Amino acid sequence: MNPLRVLHPSAIRRFLDSQSSAGLVLIGAAALAMILANSPGQTAYESVLHASLGPLSLQHWINDGLMAVFFLLVGLEIKREVLDGRLSTWPRRILPGVAALGGMVVPALLYLAFNHGPTAAGWAIPAATDIAFALGIMGLLGDRVPASLRVFLAALAIIDDLGAVVIIAIFYTAKLSLPDAGGAVAVIGLLIALNRAGVRKLAPYLLMAPLLWILVYRSGIHATLAGVAFALTIPMDRTPSRPDANIDSPLHRLEHALYLPVGFLIVPIFGLANAGVSVVSLTMQAFVAPVTLGVALGLLIGKVTGVLGFAMLAIRLGFADMPSHATRHHMVGVALLCGIGFTMSIFIALLAFPSDPILQREAKLGVMAGSLLAGLLGYAVLAKAAQSRHKRGDS
């Protein structure tokens, strides 16, 4: 029997649960990275990451190679949700879309209030939400949180990911090599031609994926965006009308195959390779540096202000409805969880300051501090809201 089921209630629940579990694994990987970076094994930890494997170091292979697979899954999720999921109609897109917009604009502006000149390049660092971490924290509350809030958070984070992809493509692209960029466009055109010709097997698409990655890498565009471009060319069937019908389109097969390795291997490896910040060697100045403050406050204050403010304005103006069974306290908790920017924020920090380890370290410190406080506060607010909801006897 085909294990791929239509992504309606039970499958959505399984998806959200797996993301929650993956978030907990990521938390463990980040904690281990911090332990290694602040232990006698720090030198060995850094030596392993900088060890050369062919033309790139191990850390570069992780950040440019493995993370391309992460972005592939992001692209597949975005395509499925927009064509046939929670973002398939404009009424479904309005609330998470408006909230995501606020959650990108306000943190960026708050960051720029602290940073000018060269450090202004990090404006997008606090604009990202880590869906695995955020759903992982929400998952700790189980059924005490309305299911509509999990769907809202997942949709918001997916739109947020789309925004991050656009930002990386536009603002963090190095000098463009036109021949390689043209080759990448040609490969994408060939993939689209396969899609249009009705090719349903994944093998022809997957055979061209390494070539696309190489051409994108050499073009000056960040190599991970090859994953998104590749995802958008994969054929997808619409959901059958019968809820028990199997889905066997290439996109669903590939997405299903990537869930476990991305959530439980690739993203934790990225966290292990990039979350290590040597706190013991930092001076007090690093904690109050403009980059640290801009990132930390952008995630902690900017995210909650932007997400909550824009969402409640859309609801108040009648453009969208409050998620079912949710209260304002629930919305505050979700907005705080959006301040967990770990994976994508650290990734953007590496792009914003590619040759400045000091600024990278300050950015990572801000990401860790802002994400930790946002996660703890978000959990506390949602737990309090769940307790109040239980006392009222709400269903």
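The values are calculated or read from the model by the stated rules, or taken from the named source; none is laboratory data. These figures come from a predicted structure and were not determined experimentally. Ideal geometry is used to build each Cβ from the backbone, glycine not excepted, and the neighbour counts take in all protein chains shown.
In table form, for the structure just shown:
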read-out: Out of Leu317, Leu313, sole residue that is without any contact (Cβ under 8 Å) to a residue 24 or more places away in the chain, surrounded by fewer than 19 Cβ atoms within 10 Å (Cβ to Cβ) and hydrophobic (A, V, I, L, M, F, W, C); value: Leu317
read-out: Subset of the stretch 340-379 [crowded, with 20+ Cβ neighbours inside 10 Å and free of Cβ contacts under 8 Å to residues at least 60 places away in the same chain]; value: Gln360
read-out: Close pairs from the stretch 278-290: first under 22 Å from His116 (Cβ atoms), partner at pLDDT 80 or above, Cβ under 6 Å, at least 6 apart; value: Ala286/Glu362; Ala289/Glu362; Pro290/Phe114; Pro290/Asn115; Pro290/Thr119
read-out: Pick from the stretch 113-161, criterion of a type in the set (S, T, N, Q) and under 25 Å from Tyr172 (Cα atoms), ranking: nearest to the chain's Cα centre (by Cα); value: Thr129
read-out: Within the stretch 54-98, tally of residues that are among the aliphatic types (A, V, I, L, M) and free of Cβ contacts under 8 Å to residues at least 60 places away in the same chain; value: 2
read-out: Hits in the stretch 112-132 - residues which are among the aliphatic types (A, V, I, L, M), crowded, with 24+ Cβ neighbours inside 10 Å and assigned to a helix (DSSP H, G or I); value: Ile125, Ala127, Ile131, Ala132
read-out: Selected residue (only one of Arg80, Arg150, Arg93 is surrounded by 21 or more Cβ atoms within 10 Å (Cβ to Cβ), over 18 Å from Arg328 (Cα atoms) and basic (Lys, Arg)); value: Arg80
read-out: Answer from Gly75, Gly102 - the residue that is under 15 Å from the mean Cα position of the chain (by Cα) and closer than 26 Å to Ala311 by Cα; value: Gly75
read-out: Ser88 being assigned to a loop (DSSP other than H, G, I, E, B), surrounded by fewer than 19 Cβ atoms within 10 Å (Cβ to Cβ), out of contact with any strand residue (DSSP E or B) (no Cβ under 7 Å at 6 or more places or on another chain) and hydroxyl-bearing (Ser, Thr, Tyr); value: yes
read-out: Identity of the residue in the stretch 153-188, without any contact (Cβ under 8 Å) to a residue 60 or more places away in the chain and crowded, with 20+ Cβ neighbours inside 10 Å, that ends up nearest to Pro354 (Cα to Cα); value: Ala184
read-out: Search result, residues across the stretch 72-101 that are among the β-branched types (Val, Ile, Thr) and within 21 Å of Pro210 (Cα to Cα); value: Val74
read-out: Residue check for Ala223: surrounded by fewer than 14 Cβ atoms within 10 Å (Cβ to Cβ) and modelled with pLDDT of 90 or more; value: no
read-out: Residue check, Thr343 assigned to a helix (DSSP H, G or I), farther than 25 Å from Thr43 by Cβ and among the polar types (S, T, N, Q); value: yes
read-out: Single residue of Ile192, Ile125, Ile167 found to be at pLDDT 90 or above, out of contact with any helix residue (DSSP H, G or I) (no Cβ under 6 Å at 6 or more places or on another chain) and under 30 Å from Leu372 (Cα atoms); value: Ile167
read-out: Boolean, Gly333 is buried (at least 20 other Cβ atoms within 10 Å of the Cβ), within 20 Å of Leu109 (Cβ to Cβ) and not acidic (Asp, Glu); value: no
read-out: Residue in the stretch 247-254 that is assigned to a helix (DSSP H, G or I), touching a residue at least 24 places away in the same chain (Cβ under 8 Å), of a type in the set (Asp, Glu) and closer than 30 Å to Asn195 by Cα present; value: no
read-out: Condition met for Val98 (modelled with pLDDT of 90 or more, in a loop (DSSP other than H, G, I, E, B) and of a type in the set (A, V, I, L, M)); value: no
read-out: For Pro40: the one exception among (1) assigned to a helix (DSSP H, G or I); (2) free of Cβ contacts under 8 Å to residues at least 60 places away in the same chain; value: (1)
read-out: All positions within the stretch 138-155 that are over 22 Å from Phe270 (Cβ atoms) and either in contact with a His (Cβ under 6 Å, 6 or more places away or on another chain) or assigned to a helix (DSSP H, G or I) (or both); value: Gly142, Asp143, Arg144, Pro146, Ala147, Ser148, Leu149, Arg150, Val151, Phe152, Ala155
read-out: Test result for Pro55, closer than 25 Å to Arg218 by Cα, at pLDDT below 90 and out of contact with any Ser or Thr (no Cβ under 8 Å at 6 or more places or on another chain); value: yes
read-out: Condition broken by Leu135, with the remaining ones in (1) surrounded by 14 or more Cβ atoms within 10 Å (Cβ to Cβ); (2) not in a helix (DSSP H, G or I) satisfied; value: (2)
read-out: Hey, Ala385 closer than 21 Å to Met138 by Cα and not hydroxyl-bearing (Ser, Thr, Tyr) or not; value: yes
